[in-house]
Amino acid sequence: MICPICARETVHEYRPFCSRRCADIDLGRWLTGSYAVPSEEEGEEDAASAAPLPQRH
Ligand SMILES: [Zn+2]
């Protein structure tokens, strides 16, 4: 599979994304779809937290 964010090969742990970062980006876009300004935070590479992102609806 290919990451829809950066078009790299996906990593099983983060499918369908290649990394936690891309998953966060996608989630951020989804949550802030009405906002035009993307605000991805830097430095959220938490090696300890391998848990999946909480799904909010
Ligand atoms: Zn990616």
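Computed from the coordinates by the stated procedures, all read-outs in this text should not be read as laboratory data. Because the structure is a prediction, the values reported are computed rather than measured. As a convention, Cβ positions derive from the backbone with ideal geometry for all residues, glycine included, and neighbour counts pool all protein chains shown.
At a glance:
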item	result
Ordering of 19-29, 1-11 by burial proxy (mean other Cβ atoms within 10 Å per residue, highest first)	19-29, 1-11
Sequence-distant residues sharing a close amide H with residue 3 (under 5 Å, placed H)	8, 9, 10
